[in-house]
Amino acid sequence: MPHYDYTCEKCKKDFVVEMKISELDKRKVECPGCKSEKVTRNVTNTSFSSESINRYVWDK
Ligand SMILES: [Zn+2]
């Protein structure tokens, strides 16, 4: 299952959430520290930004 990196805007805590692609838009993500829902997903496009052979395959 893919992992998504989030940063809480309130307490600046970084955390990782594991979920399916299909859950991504539906699921409410809250900070495990302060329970704030003001979290930002950190999009790391390393898998797509290069011609690397280590392309990430999404589990759809
Ligand atoms: Zn927080």
Q | Failed item in (1) within 11 Å of the ligand (Cβ to nearest atom); (2) exposed (fewer than 11 other Cβ atoms within 10 Å of the Cβ), with residue 8 passing the rest | A | (2)
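Results for (1) in a strand (DSSP E or B); (2) in contact with a Phe, Trp or Tyr (Cβ under 8 Å, 6 or more places away or on another chain); (3) at pLDDT 95 or above, shown as yes or no for each residue.
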residue: 4; (1), (2), (3): yes, no, no
residue: 10; (1), (2), (3): no, no, yes
residue: 17; (1), (2), (3): yes, yes, no
residue: 22; (1), (2), (3): no, no, no
residue: 25; (1), (2), (3): no, no, no
residue: 36; (1), (2), (3): no, no, yes
residue: 41; (1), (2), (3): yes, yes, no
residue: 46; (1), (2), (3): no, no, no
residue: 49; (1), (2), (3): no, no, no
Q: May I ask you to list pairs of residues, at least six apart or on different chains, whose Cβ atoms are under 9 Å apart, with the first in segment 2-22 being within 17 Å of residue 33 (Cα to Cα) and the second being in a loop (DSSP other than H, G, I, E, B) and more than 16 Å from the ligand (Cβ to nearest atom)?
A: 4/19; 4/24; 4/43; 5/43; 5/44; 17/27; 18/1; 18/2
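The values are calculated or read from the model by the stated rules, or taken from the named source; none is laboratory data. What you see is a predicted model, and the numbers here were worked out from it, not measured in a lab. Counting neighbours? That spans all protein chains shown, and the Cβs are built from the backbone with ideal geometry, glycine included.
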